[in-house]
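To start, the structure itself, in structure tokens.
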Amino acid sequence: MTAATAKPASFSEDNSDDLVIARMASCPDARLQAVLASIVRHLHAAVREIEPTEEEWMAAIGFLTETGQMCDDRRQEFILLSDTLGVSMLVDAINNRKSRAATESTVLGPFHVAGAPHRALGETICLDGKGAPLVVSGMVRDAGGAPIPGATLDVWQANDDGFYDVQQPGTQPDMNLRGVFTTDAEGRYWFRSVKPLFYAIPHDGPVGRLLHALGRHPYRPAHIHFIVAASGYRPVTTHIFPEDDPYLDSDAVFGVKDSLILPFELIDDAEAAARHGVANPFWAVEADFVLDRA
Ligand code: BEZ
Ligand code: FE
């Protein structure tokens, strides 16, 4: 007689996650197995805690279905979902631990475009002529304070109506408010733009409806995006935020870090304006970036 093999326990509220995880025992990919086991544990714990009705569960499935159906090569509703639930910022924090001196990172967002035009220092990125003139300047340094010549700053921002060029093809000039600048021999950069304004993230889909249902607004505080990179250093994807913005404490995507909030100064000086090639008065901000070694 062969020894009887124990019959696995049948499915119950208490053992549901154990049963599902046991079924993955022969998965050849250890990382996949660990990731799915964790997701199953947490998902089953949430369902046990929430005790959804069947109608509520189907509404959740319907929400995810609509989120997927909203995605195409211009719109990524799942990333918006991740952003608005704070998951994008958590993944960013885990993957971009830095020295104390280094510039903090924040979300890339869906509106970065690879291959923006390289521009000379001092050039403007504003091609639609809308907005209050702004001069952005600063330095790129290493963690010890030494300037980094030849660093690149890939910059982009929304226009004065609160939209990126890629959201308004045919309305805004191509590559409006985008450019790549290279620091000079002293590690300095400067360029002209317009003062950014707060804007709403796309909220005409399921994520916008969820925000509304939660009593949340869809606004991001005004910001300029930067990817700062230099050979031999870890690049940083970050923003700068003007300190006078009303949404700094309630960014829809949790992207604000105190160290990235900067004073934007309104300068009324006709001579300085002429020197910078902007109308008077104009805004000015100094933003330095610090990169860790690779
Ligand atoms: C952005 O700053 O461009 C952005 C980030 C997350 C979601 C939507 C927009
Ligand atoms: Fe943005």
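Calculate how steeply helix 54-69 sits against the longest principal axis of the alpha-carbon atoms of the chain, using the helix alpha-carbon long axis, and give the answer as 0 to 90 degrees to the nearest 10.
Computed tilt is about 40 degrees.
In nm, what is the difference between 0.36 nm times the number of residues separating ALA46 and ASP161 and their Cα-Cα distance?
Going from the current span to full extension adds 37.3 nm.
Each residue of segment 260-272 in order: what ³J(HN,Hα) in whole Hz does its phi give by Karplus 6.51 cos²θ - 1.76 cosθ + 1.60, θ = phi - 60°, with x for Gly and Pro?
Couplings: 9, 8, 10, x, 9, 9, 8, 10, 10, 7, 4, 5, 5 Hz.
Can you list the residues, at least 5 places off or on another chain, whose amide H is less than 5 Å from the amide H of ARG141, using H built in the peptide plane?
ILE148, PHE289, VAL290, LEU291
Please arrange LYS7, LYS98, LYS130 by how many other C-beta atoms lie within 10 Å of their C-beta, fewest to most.
With the sparsest Cβ surroundings first, the list reads LYS7, LYS130, LYS98.
Give me the one-decimal nm value for the distance between modelled label points at THR53 and ASN95, 7 Å along each residue's Cα-to-Cβ direction.
4.0 nm
If one puts a single equal scatterer on every Cα of the chain and applies the Debye formula without solvent, what log₁₀ I(q)/I(0) results at q = 0.09, 0.13, 0.14 Å⁻¹?
So the normalised log intensities are -0.57, -0.98, -1.09.
Once you have the Cα-Cα distance between SER26 and ASP269, take 0.36 nm times their residue separation minus that, and quote the gain in nm to one decimal.
This chain segment gains 80.3 nm when fully extended.
Rank the residues MET58, MET139 as a footprinting-exposure proxy: fewest other Cβ atoms within 10 Å of their Cβ go first.
By the 10 Å Cβ count, ascending: MET58, MET139.
Shape of segment 47-110 from its Cα gyration tensor (a ≥ b ≥ c, root eigenvalues): rounded if a/c is under 1.5, otherwise prolate when a/b > b/c, or oblate?
Judged from the Cα gyration tensor, segment 47-110 comes out oblate (a/c at least 1.5, b/c at or above a/b).
Just how far, in whole angstrom, is segment 58-96 from segment 183-260 if you go by their alpha carbon centroids?
Using only Cα atoms, the two centres lie 18 Å from each other.
Report the Cα centroid-to-centroid distance between segment 1-53 and segment 122-160 in angstrom, as an integer.
Between the Cα centre of segment 1-53 and that of segment 122-160, the gap is 51 Å.
For LYS130, give me every one of the lysines with a C-alpha distance below 20 angstrom, ignoring sequence neighbours fewer than eight places off in its own chain.
The qualifying lysines are LYS195.
No value in this document is a laboratory result; all are computed from the given coordinates. None of these values were measured; they are calculated from a predicted model. Reconstructed Cβ throughout: ideal geometry from the backbone, glycine too, with neighbour counts over all protein chains shown.
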